[in-house]
Amino acid sequence: MAPDAALSLTFIGGGNMAGALIAGLAGRLTAGAHIHVVDPNDAQLARLADSFGVSTASAIDARVLASKVIVLAVKPQQMRAVAAALAPLLAPVLSGGPLLLSIAAGIGSADLARWLGGYGAIVRCMPNTPALIGQGITGMVATIAVSAAQRALADGILQAVGQTVWLADEALIDPVTAVSGSGPAYVFYFIEAMAQAAVELGLTAEQGKQLALATFTGAAQLAAQSADEVAVLRDKVTSKGGTTYAALQSMEASGVKQAIIDAVKAAAARGRELGVELGRD
């Protein structure tokens, strides 16, 4: 997406994910001065203002309507209150108003639109924390009220911090949340285990961390750049009767693969549950 010096955005919520998006956008897709951040945390607002030159406010007011895009970057449990504050402001512009990007897990676009008094130009997004270093990936789905131009705008904003994947069915946002939204935690968990094993085998904590991190980084890049399927790459380093074979046999015996699959499914189920719980009137 080409830089747009006039692109104006409001972020409602100034936490880590908002900060990652602002870092990717400010000075690249738009000037920091065209980004407005609303958050009750004064320290977070000061940090963002100092780092990127954004304007800030502690509460939602009519200034948000000056933005072309409003990013709803609050926790799912806070979304209904945010929508209640936005609804009277959006009521006069139910069509032709700003595009809303929601990055809250579980909150369906139909529930959000209802809370907003029928406002429909919504794109649900599920980014992940590698966005903090520009290496994120975001699953996205648009409501029928979102125009082609708005869809392209949303895509450009999220591509500022990584890759994007568009979904045809909003029900697939929960699986995306489970796989990539929560996924970095699974990777960190495995890195912790590898580093701990290294220490128990006699290496220092720093050596274990260095080896585990480099192995994950290198293997992920190899998988991304290779024409081979991941299963083929695994087979290429697994000689029957060798050390890798022994490790993988132990994992299979312990049900590691199925445990990971079950864990991802549990995360997806929890995403669906959140939507039901928080969307209930």
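Quick notes on this one:
- Within the stretch 241-281, the set of residues being polar (S, T, N, Q) and within 12 Å of ALA178 (Cβ to Cβ) is empty.
- Of the candidates ALA66, ALA46, ALA85, the single residue that is among the small types (Gly, Ala, Ser), farther than 20 Å from GLU170 by Cα, modelled with pLDDT of 95 or more and touching a Ser or Thr at 6+ places or on another chain (Cβ under 9 Å) is ALA46.
- If you go through the stretch 153-169 and keep only what is in contact with a strand residue (DSSP E or B) (Cβ under 9 Å, 6 or more places away or on another chain), in a loop (DSSP other than H, G, I, E, B) and among the aliphatic types (A, V, I, L, M), you end up with VAL161, LEU167, ALA168.
- Subset tally (residues that are at negative phi and touching a Gly at 6+ places or on another chain (Cβ under 6 Å)) for the stretch 148-166: 3
- Selection within the stretch 235-281 - surrounded by 13 or more Cβ atoms within 10 Å (Cβ to Cβ) and of a type in the set (Gly, Ala, Ser): ALA263, ALA267, ALA268, GLY271, GLY275, GLY279
- Annotation: of all residues in the stretch 124-158 being of a type in the set (S, T, N, Q) and surrounded by fewer than 16 Cβ atoms within 10 Å (Cβ to Cβ), the one that is nearest to MET17 (Cα to Cα) is GLN135.
- Note on the stretch 212-281: enclosed helices (runs of 4 or more DSSP H) holding 1 or more residues that are among the basic types (Lys, Arg) and not assigned by TED's automatic domain parsing to the domain that holds LEU116 are 230-236, 256-279.
The values are calculated or read from the model by the stated rules, or taken from the named source; none is laboratory data. Note that the structure is predicted; figures quoted are calculated from it, not measured. Neighbour counts run over all protein chains shown; Cβ positions are idealised from the backbone, glycine included.
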